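I have placed the structure first, in the form of structure tokens, so that the comments after it can refer back to it.
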């Protein structure tokens, strides 16, 4: 130690100073979280049950976007059917909060966030797994109605074919069959989609034999089974108005039935019967 210098105090352990953690700024806006209650069922399950998921959703997200996010990031076993992603193929039809809708055409912003969004498979059809249903029976109804699946080249549209071409916009999604209250209680009811197809065939025959189509429409579980609830038209994503087409087909069936009765002589045309005097102005009373 140098002469004249103050003696040095012993150096002890240095206490570390507490450092306040720096606030972390979020990168970009925080995505809101949507709550989902999704119907689940596999062949090993006794009955369908619900499972809850939380999904971070961005702006403009649809229900289908959220379902695919669940399958991609949370549960890869979730079964949901989809294809085009823009409401043209009809394969993503489900019930959202009890209402038949296309998942790809239902924005989350249009749904209430007060409670979980409930997603179920379409009603009236056999469940394959989770949200996917077996559509074989649904498509078979179109064949019974005489609907040509593909328009042949050079086919001409008959007079009044504007409405028929509108019915051709049906994307065969099955929403109308699920929403129909009669289809839920009567599995033999042919359903609004097939009857709208039959109405199109009658309006635009294109050489088709109308007898079998009208005979099918005249059956008890056909046009006369409809109670005009109009739910089929309310849920149709293509604006086909199957309820209106069904009512028009009912008019054709009634007219065809009267023609058959007159042709077979079951109903006598008005005229002078035995012992009757002349009708006023030549008309029956």
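Nothing in this text is a laboratory measurement; each read-out follows from the coordinates by a stated rule. The structure displayed is predicted, hence computed values, not measured ones. Here Cβ is always computed from backbone atoms with ideal geometry, including for glycine, and neighbour counts include all displayed protein chains.
Details
- Remark: spin-label model distance residue 113-residue 234 equals 2.8 nm, labels positioned 7 Å along the Cα→Cβ axis.
- In a fully extended conformation the segment linking residue 52 and residue 247 would gain 66.0 nm over its present Cα-Cα distance, using 0.36 nm per residue.
- Using the average count of surrounding beta-carbon atoms within 10 Å as a protection proxy, the listed peptides 248-255, 31-38 rank, highest first, as 248-255, 31-38.
- DSSP bridge orientation in the range 33-133 - percent antiparallel, rounded to nearest 5: 85 percent
- Ranked packing of 46-57, 222-233, most packed first, by mean Cβ within 10 Å: 222-233, 46-57
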